[in-house]
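The block underneath contains the structure these notes are about, expressed in structure tokens.
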Amino acid sequence: MLYGRASTQQSLLALAVACRDIDVRNVKALIIGPHETPYEFGFFEFDFKFGKDYPRRSPTVVGTTTNSGRTRFNPNIYANGKVCLSILGTWRGERGEEWSAAQGLESILISIQSLMSTNPYENEPGFEDANEASDKKNQKEYVQKIRHETLRISVIQRLEEYLGIDAGGSLQPMAPSDYDLDMDTLDEDSAPFLPFKDLCKRRFLWYYESYLTAIQKGKEETKDGQSFSRMPFEGVSNSMEGKFNYTELEKRLRNVKKMLDEETERWAGEGLEAKGKETTVAVNLQRQLEQVVESFKRADMPHNVEFVDGNPFIWAVTYFGKPMTNLDGGLFRFKLHFSPRFPEEQPRVKFDTRLFHHRISPDGTPCYVSPLNKREDVKSHIEAVIDALEEEQPPYDPRTLVNPEAFKLYWGGSEERRNYNRRLRRSVQQSME
């Protein structure tokens, strides 16, 4: 599994690519829907096929987040997966908009992402400047149904499939644990290729509050059982049909969150079993803890790191707030939960200490990014969490919106920022009580 390094931190949080080592011409890509659009934080997957004439000719691209070919998410992204872009030669464009050998995978992904706008209605040719009253009504209704289906199909349905949740909301029988298998002996062709499974689970935990906010907004604008409106450019077999049911979506969303939390808790038991069998991952985590402790000691860092109840798959970190910052004087504890399939499944981090911070979700999940080339290095994860807390002048990045209330205050005006600092300092003081 290979995750492509994007050129900027912004795109790193929004785009991901992967391919099998034995088949580099067939690539899967994931686009996370842009903030403040009806696609917000949805997971949209695409298949790329690079022919032997690449880069002279563009790759073929097919969207696969289509509800089995039943849902058209955009005027330019059809229900059958066709992506209409002049850069791909699938749509006539102006001179200079066609494919060139200087372009590549990332430029295509950014072009597709640009289609996911605040008003996708105007992406349809001939509707760019539509301003009639009927168009205004259609624009609003189009956004409403895209938001609903983004949540239902790209987020909830995807996570339910990843977690094995059946139609009744219960877990299907679990497959036998595979953490003690030698992954190098597995046949890649026979194993399902789901490269974004772990990434989507972790991003779901980041954006859970935003999903709830979107559901609340949808409840205010629509009624359960209300049918979607068909747009003038939608055909019988190339449309977005259905009915609103945000009550049901909220129920399913909360169930996904519950099941994800339970999955994380199960890792502890699986980890103890792996420790008893002295698996490669268990031995590696034991060795890494010793190295991290020694590294912090040499650097004269006060932070404490230890196993929870002797389990190498749960690490507890006690972090002392950085002097001369808003965190000064605070004492914070967070845990790293490891899967027996680490590093294929990345650690899930959660703060035990409540901290009002724009990079920590209300349930304690921090928004951090560890270096892609150090995914197996636990120390880099710990350092990335601390860096996210201590960064004094972060660039504005809506992809880090994990705590809507704190984020709004932090990036608001001067009075909002002062309010944010007061609440942060109050939570820091409470951490010592």
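Taking Cα atoms only, the orientation of helix 414-430 departs from the longest principal axis of the chain by about 40 degrees.
Take the alpha carbon gyration tensor of the stretch 55-106, find the square roots of its eigenvalues, order them as a ≥ b ≥ c, and report rounded if a/c is under 1.5; if not, report prolate when a/b exceeds b/c, else oblate. Prolate is the answer for the stretch 55-106, as a/c is 1.5 or above and a/b outweighs b/c. Against the chain, whose longest principal axis comes from its Cα atoms, helix 246-276 is set at around 40 degrees. Taking all protein chains together, Lys201, Lys379 sort by accessible area into Lys379, Lys201, largest first [probe 1.4 Å]. Above 19 Å, the calculated P(r) of the stretch 243-310 contains 58 percent of its Cα-Cα pairs. Whenever you get a sec, compute what percent of the accessible area on the stretch 264-415 sits on carbon and sulfur atoms (1.4 Å probe). Whole-percent figure for carbon plus sulfur exposure: 51. Ligands, DNA and RNA aside, Trp91 has an accessible area near 90 Å² when probed at 1.4 Å.
With the simple model of a label 7 Å out from the Cα in the direction of the Cβ, Lys277 to Phe320 spans 4.1 nm. For the residue pairs Lys197/Lys257; Lys28/Lys52; Lys258/Lys374, alpha carbon separations beyond 22 Å are given by Lys258/Lys374. Solvent-accessible surface (1.4 Å probe) assigned to Lys258 amounts to roughly 100 Å². The residues Asp387, Asp166, sorted by heavy-atom accessible surface at 1.4 Å with ligands and nucleic acids left out, run Asp387, Asp166 from largest to smallest. The aspartates and glutamates within cross-link reach of Lys408, meaning a Cα-to-Cα straight distance under 14 Å and a gap of 8 or more places when in the same chain, are Glu36, Glu209, Asp397, Glu416. The heavy atoms of Ile22 offer some 110 square angstrom of accessible surface to a 1.4 angstrom probe. The three principal axes of the Cα atoms in the stretch 250-380 give end-to-end lengths of 44, 43, 30 Å, sorted in falling order.
Against the main long axis of the alpha-carbon atoms of the chain, helix 197-221 sits at an angle near 60°.
Partners of Lys379 within straight-line reach, counting lysines whose Cα lies under 23 Å from its Cα and excluding those fewer than 8 residues away in the same chain: Lys201, Lys275, Lys297, Lys322, Lys335, Lys350.
Placing Phe43, Phe356 in order of accessible area, with the largest value first and a 1.4 Å probe, yields Phe356, Phe43.
Cα centroids of the stretch 288-348 and the stretch 202-233: 37 Å apart. Ignoring aspartates and glutamates fewer than eight residues from Lys49 along the same chain, the ones with Cα atoms less than 15 angstrom from its Cα are Asp21, Asp23, Glu106.
Accessible surface calculations at 1.4 Å, restricted to protein heavy atoms, place the stretch 254-404 at 45 Å² per residue.
Over the chain, with a Gaussian network built from C-alpha contacts below 10 Å, which listed residue (Glu306, Glu294, Glu344) shows the highest mean-square fluctuation? Residue with maximal mean-square fluctuation among Glu306, Glu294, Glu344: Glu294.
The values are calculated or read from the model by the stated rules, or taken from the named source; none is laboratory data. The model shown is predicted, which means the values in this text are computed figures rather than measured ones. When we count neighbours, we look across all protein chains shown, and the Cβ atoms used for this are built from the backbone with ideal geometry, even at glycine. Each accessible area value is taken on the protein alone, full model and side chains, heavy atoms only, with ligands, DNA and RNA left out. Shrake-Rupley method; radii C 1.70, N 1.55, O 1.52, S 1.80 Å.
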